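**Q** Take this structure first; my questions come after.
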Amino acid sequence: KHPAGAPSPDLARKITKVGIVGAGLMASQFALLFVRKLRVPVVITDIDQSRVEGGVAGIHASIDEMQTKGRISPDESNRLKALISGTTDLADFADADWVIEAVFEELSVKQEVFANVEKIVAETCILATNTSSLSVSAIGSGLVHPARLVGFHFFNPVAVMPLVEVVNTPATDDETLATAMVVAKTLGKSAVITADAPGFVVNRVLAKLLGEAMHAVETGTPFEVVDSATAPFGLPMTPFELLELVGLTVGAHVLDTHHAAFPDRFFESPALHELADHGKIFTRDAKGKRTGFDPAAVAIVTKAAAA
Ligand code: 3HC
């Protein structure tokens with residue numbers, strides 16, 4: 001094992017085809033990155049045809065937008081689109097060398113995904129999970145070959161955020177780790193190798209910020225006050241804006257994971273779960289610019305504070 005550094009890139013396996021499980025927003029964002037930077041066929045899959053088609057259509061729309069902005073030529077746009085395909089049949093992953101999942105943050109769901117993938121792919125295929133804060137070891141606990149599983153944690157927005165956390169489990173072998181580091185570099189990201197600890201590094205730190213911001217509103221300080229008091233920290237977004245960016249459901253899950261792991265250090269936030277069900281914290285104009293706090297969101301935290 002290499003606890004402090006990456007194994008030699010010479011150990012990295014060549015990637016000639018990528019499989020992506022999940023066709024949601026996060027998966028679609030990194031599908032695009034894989035075709036742009038690795039320039040290999042990328043197949044995405046999801047539980048039904050409409051999700052798969054929605055994912056592929058979203059990626060095509062992003063490619064069209066890059067072309068409209070003059071960032072890529074029409075030829076390049078066609079090349080990228082030709083590299084993307086969607087399927088509901090996992091058998092299409094048979095010749096993939098790298099499979100990454102970004103499905104719902106539920107341990108059993110991710111375990112089932114990899115159990116199914118492992119039946120299809122070759123023994124040398126790397127398996128990567130984009131989990132935000134589940135244990136990568138637990139995700140791989142049912143695998144026949146857990147040595148080829150690694151965490152590969154992107155940040156939102158994937159195209160812009162420069163970091164990938166490469167999560168090294170006690171079982172991950174050097175070939176897998178080296179391949180993950182080379183893939184991250186090819187994607188244009190800086191990568192850090194983290195231990196398989198709750199929240200890895202980034203979400204552990206962010207969970208403190210986001211959790212404390214939620215706790216402040218849940219104990220009676222209005223949204224406006226916490227928002228404007230934290231805005232001058234120099235971060236590109238306030239905690240509530242960041243919660244909306246990562247998704248309120250994902251944010252609530254990250255806080256739950258940290259509370260479960262370190263109950264004396266992290267709050268749980270029942271109000272954030274209610275906000276996730278409601279779907280938003282801010283009201284926004286047609287261009288997506290925030291215009292105020294959503295009255296129903298304010299009512300949720302006011303009720304929590306009064307309880
Ligand atoms: N998708 C793709 N590109 C995007 C984007 C999106 N959703 N949002 C913004 N961009 C691009 C823009 O196109 C623009 O690119 P360009 O310079 O090439 O034209 C660039 O980002 C800057 O965008 P804007 O000028 O419109 O906006 P800002 O300067 O305000 O930047 C931001 C927007 C990059 C989102 C910035 O506010 C930011 O960095 N916010 C913090 C994001 C962050 O901390 N993310 C980590 C969240 S934690 C996480 O994801 C982990 C998970 O497990 C919970």
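The values are calculated or read from the model by the stated rules, or taken from the named source; none is laboratory data. Computed from a predicted model, the values in this text were never measured in an experiment. As a convention, Cβ positions derive from the backbone with ideal geometry for all residues, glycine included, and neighbour counts pool all protein chains shown.
**Q** Checking the structure you have, find out if any residue of the stretch 75-94 is in a strand (DSSP E or B), surrounded by 20 or more Cβ atoms within 10 Å (Cβ to Cβ) and either touching a residue at least 60 places away in the same chain (Cβ under 8 Å) or away from the ligand (no atom under 16 Å from the Cβ) (or both). Lay out the reasoning, then the answer.
**A** Within the stretch 75-94, the subset in a strand (DSSP E or B) is 84-87.
Cutting the leftovers down to surrounded by 20 or more Cβ atoms within 10 Å (Cβ to Cβ) gives us 84, 86.
Filter once more, so that each one left must be either touching a residue at least 60 places away in the same chain (Cβ under 8 Å) or away from the ligand (no atom under 16 Å from the Cβ) (or both): 84, 86.
The answer is yes; a qualifying residue exists.
**Q** In addition: V40: under 30 Å from T194 (Cβ atoms), within 20 Å of the chain's Cα centre (by Cα) and among the hydrophobic types (A, V, I, L, M, F, W, C), yes or no?
**A** no
**Q** Could you check the stretch 143-186 and list, in sequence order, the residues that are near the ligand (Cβ under 10 Å from one of its atoms) and either under 18 Å from A122 (Cβ atoms) or of a type in the set (D, E, K, R) (or both)?
**A** E165
Residue-by-condition table, conditions (1) away from the ligand (no atom under 15 Å from the Cβ); (2) within 21 Å of E105 (Cα to Cα); (3) in contact with a Phe, Trp or Tyr (Cβ under 9 Å, 6 or more places away or on another chain):
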site: F200; (1), (2), (3): no, yes, no
site: D227; (1), (2), (3): no, no, yes
site: L243; (1), (2), (3): no, yes, no
site: H253; (1), (2), (3): no, yes, no
site: R265; (1), (2), (3): yes, no, no
site: L272; (1), (2), (3): no, yes, no
site: A276; (1), (2), (3): no, yes, no
site: K289; (1), (2), (3): no, no, no
site: D294; (1), (2), (3): yes, no, yes
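**Q** A further question on this structure: Which of the strands (runs of 3 or more DSSP E) found entirely inside the stretch 117-224 contain at least 1 residues meeting this: more than 20 Å from I20 (Cβ to Cβ)?
**A** Qualifying strands (runs of 3 or more DSSP E): 163-168, 190-195.
**Q** Looking at the stretch 111-126, which of its residues are in contact with a strand residue (DSSP E or B) (Cβ under 7 Å, 6 or more places away or on another chain) and either at pLDDT below 95 or under 14 Å from T45 (Cβ atoms) (or both)? Spell out the reasoning first.
**A** Residues of the stretch 111-126 that are in contact with a strand residue (DSSP E or B) (Cβ under 7 Å, 6 or more places away or on another chain), as a first pass: 113-114, 117, 121, 125-126.
Within the stretch 111-126, V113, F114, V117, V121 qualify.
**Q** Moving on. Among what's in the stretch 156-170 and is out of contact with any strand residue (DSSP E or B) (no Cβ under 6 Å at 6 or more places or on another chain) and surrounded by 20 or more Cβ atoms within 10 Å (Cβ to Cβ), pick the residue that is farthest from E101 (Cα to Cα).
**A** T169
Each row is one residue, and each column tells you yes or no for (1) assigned by TED's automatic domain parsing to the domain that holds L149; (2) touching a Ser or Thr at 6+ places or on another chain (Cβ under 6 Å).
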{"residue": "M181", "(1), (2)": "yes, no"}
{"residue": "T186", "(1), (2)": "yes, no"}
{"residue": "A207", "(1), (2)": "no, no"}
{"residue": "L210", "(1), (2)": "no, no"}
{"residue": "M214", "(1), (2)": "no, yes"}
{"residue": "T221", "(1), (2)": "no, no"}
{"residue": "H253", "(1), (2)": "no, no"}
{"residue": "D256", "(1), (2)": "no, no"}
{"residue": "F267", "(1), (2)": "no, no"}
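**Q** While we're here: Name the residues in the stretch 281-296 that are without any contact (Cβ under 8 Å) to a residue 24 or more places away in the chain and surrounded by 11 or more Cβ atoms within 10 Å (Cβ to Cβ), would you?
**A** Within the stretch 281-296, T283, R284, G292, D294, A296 meet the criteria.
**Q** From G19, G55, G70, grab the single residue that is in contact with a Ser or Thr (Cβ under 6 Å, 6 or more places away or on another chain) and either assigned by TED's automatic domain parsing to the domain that holds E123 or in a helix (DSSP H, G or I) (or both).
**A** Exactly one of G19, G55, G70 is in contact with a Ser or Thr (Cβ under 6 Å, 6 or more places away or on another chain) and either assigned by TED's automatic domain parsing to the domain that holds E123 or in a helix (DSSP H, G or I) (or both), namely G55.
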